[in-house]
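Below is one structure, written out as structure tokens; the observations come after it.
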Amino acid sequence: MASSSTAGRPNRSPCHADDAAPAAELSDVLKALAHPVRLAAVRALSSGERCVSELGAELGVRQPLLSQQLTVLRGAHVVTTRRAAKQVFYRLTPGKLDPLRGLFSAIHEGGRRGA
């Protein structure tokens, strides 16, 4: 089915066909980040891998709450883990957050044009 246009503009999805990630994938990542503890954990992990105890101490969050939030991030493939003896280390999944950079850049540039 061909795309129609309104007022000379083609109908476009929130993420264009040439975007690296589809809208549904970006939405899933944004949902995973939509909690203060998860967002703080991602920010902390942006500077490198941490074990749960280090991350908890850095964020001032108790281990059960942090583990629950890290499970959400792991389920969304935002973080990956490795086990060393009894410790679990978390790190950001390489490239997973890159599509957000393009999304926010497009939003920012669109706001500039509209101003």
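The values are calculated or read from the model by the stated rules, or taken from the named source; none is laboratory data. Note that the structure is a prediction, hence the values are computed from the model and not measured. Cβ atoms come from the backbone with ideal geometry, glycine included; neighbour counts cover every protein chain shown.
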field: Leu45 being at pLDDT 95 or above, out of contact with any strand residue (DSSP E or B) (no Cβ under 9 Å at 6 or more places or on another chain) and aliphatic (A, V, I, L, M)
entry: no
query: If you check every pair at least six apart or on different chains, which have Cβ atoms under 6 Å apart with a residue in the range 70-81 that is within 9 Å of Thr93 (Cα to Cα) first and a residue that is assigned to a helix (DSSP H, G or I) second?
result: Val78/Ala32; Val79/Leu73
- request: Being in contact with a helix residue (DSSP H, G or I) (Cβ under 7 Å, 6 or more places away or on another chain) and more than 16 Å from Ala32 (Cα to Cα) is the filter here, so list the residues in the range 75-91 that pass it.
  value: Thr81, Val88
